[in-house]
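See below for the structure under consideration.
What follows is calculated from the coordinates using simple rules that are stated; it is not laboratory data. Because the structure is a prediction, the values reported are computed rather than measured. We place every Cβ from the backbone using ideal geometry, glycine too, and count neighbours over all the protein chains shown.
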Amino acid sequence: MSDSPELRRAAEAIRKSRKLAAFTGAGISVESGIPPFRGSNGIWNRYDSSLLDIDRFLRSPARSWEAIKAMFTGFLATADRAPVAPNPAHRVLAKWEAEGRLAGVITQNIDGLHTTAGSRNVIEYHGHCRTMTCLDCGKTVPLTAESTAADVPRCSCGGLLKPDFIFFGEGIPPKAARDAEELAATCDCMVLVGTSGAVYPAAALPPAAKRRGATIVEINPEPTAYTERGVTDVFIARKAGEAMTALDRLVSADGKDGE
Ligand code: APR
C-alpha cells in the first residue's frame with residue numbers, strides 16, 4: 001500500500017499522541033470472516049434486527065435465539081470448526097498497547113477478537129458473547145455451541161438464559177459506559193476503525209473526543225456519518241488490515257528516525 005498523504009498525517013498524529021484511543025466496529029472483524037451489520041453484505045440485510053430487541057426476545061425467545069445462532073455462530077468454536085481469529089488490524093492495536101502507545105480500545109463488537117489478539121484494556125461497550133445470564137436466578141453460564149444447542153437455552157433453575165451482549169432497548173453496561181466516556185474525554189487522538197457511526201450512544205463517543213480536542217483518524221473503505229459531518233480529521237479510505245499494517249510501519253519507522 002503506497003503511503004498516501006492521509007496515511008502520513010495519521011501516522012504523525014498517532015506517533016505524537018500522548019494518550020491514544022481506538023474505537024472499533026464490525027468492520028475491523030470483516031477480514032476475520034465476520035460480516036458487518038450494514039452495507040452490501042450486512043447482517044441486517046438478512047435478519048430482522050427487531051429480533052434483537054429485548055422486548056421481542058422476552059416475548060418470543062425461540063425466534064430470537066434462532067436468529068442469534070445463525071448470526072453469531074460464525075465465531076463460536078464447534079467440534080468441526082475452529083473459532084474465527086483476529087486479523088492484522090486487531091494485532092496492531094494489541095502491539096501498540098504492549099508498546100505503551102495505545103491507552104485502550106472501545107469496541108462495539110461482541111466477538112472478543114481484540115482480547116484474543118492480546119489487547120488488555122478492551123472496553124466492551126455492547127457486552128460480549130462469552131457467557132449467558134439467567135433472567136430468573138442471575139446465574140452465569142459459558143455461551144458455547146453445546147450450551148446453546150436447545151432451541152431456547154434454559155438455566156438449571158428453568159429460567160431463560162440471555163447472552164451477555166446488549167440487545168436493542170437495553171442500557172450500556174455501567175462500567176463500560178463510564179470507562180468509555182473517560183477515555184473519550186481524555187484521549188488526544190482517537191482512531192476509528194470499521195464503524196458506520198449509526199448506533200447511539202456508542203456513536204456519540206468520537207464527537208465527544210473531538211470536542212475535547214482529540215484528533216480523529218478514521219479507517220473505513222466508505223465514508224461515514226463521521227466523515228460527512230466533519231468529525232473526522234484524517235480519513236483513510238482503506239480496509240482495516242492494510243491500513244493498520246501501513247500505519248504501524250510508519251509509526252514504528254518514525255520512532256526510529258526520531259531516536
Ligand atoms: N475494514 C474497515 N472497515 C470496513 C471493512 C473493512 N474490511 N469492511 C466494512 N467496513 C466498514 C463499513 O463500511 C461500515 O462503515 O465497517 C462499517 C461497519 O458498520 P456496521 O455494520 O454498521 O457496524 P457497527 O458500526 O459496528 O454497528 C454498530 O450496530 O447493530 C448494531 O450492535 C450492533 O455494534 C453494532 C452497532
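Just a few scattered comments:
- Segment E182..R154, full-extension length gain: 6.4 nm, with 0.36 nm per residue of separation and the alpha-carbon distance subtracted.
- Pairwise label distance in nanometres, S40 with R8, each label 7 Å out on the Cα-Cβ vector: 3.2 nm
- Of the trypsin sites (Lys or Arg not before Pro) in region 83-136, those whose Cβ has at most 14 other Cβ within 10 Å and which sit in DSSP loop: R120
- Counted by Cβ distance under 12 Å from G112, the other residues give a net charge of -2, where Lys and Arg count +1 and Asp and Glu count -1.
- Computed from backbone phi, the HN-Hα couplings of region 179-190 come to 5, 5, 5, 5, 5, 5, 7, 10, 6, 10, 8, 10 Hz, rounded to whole numbers (Karplus: 6.51 cos²θ - 1.76 cosθ + 1.60, θ = phi - 60°; Gly and Pro given as x).
- Modelled this way, with points 7 Å down the Cα-to-C-beta line, the labels at A70 and R212 are 4.1 nm from one another.
- GluC sites (Glu not before Pro) restricted to DSSP loop in region 1-107 with at most 12 other C-beta within 10 Å: E99
- In a fully extended conformation the segment linking A253 and I172 would gain 25.3 nm over its present Cα-Cα distance, using 0.36 nm per residue.
- Normalised contact order of the chain, rounded percent, pairs of Cα under 8 Å and 6 or more residues apart: 25 percent
- The trypsin sites (Lys or Arg not before Pro) found in region 9-51 that occupy coil by DSSP, while having at most 10 further C-beta atoms within 10 Å, are R18.
- Overall, the anisotropy analysis places the chain in the prolate class: the square-rooted eigenvalues a ≥ b ≥ c of its C-alpha gyration tensor yield a/c not less than 1.5, with a/b exceeding b/c.
- Here's how it looks for G104: its modeled amide H is under 5 Å from those of A22, which are all 5 or more places away or on a different chain.
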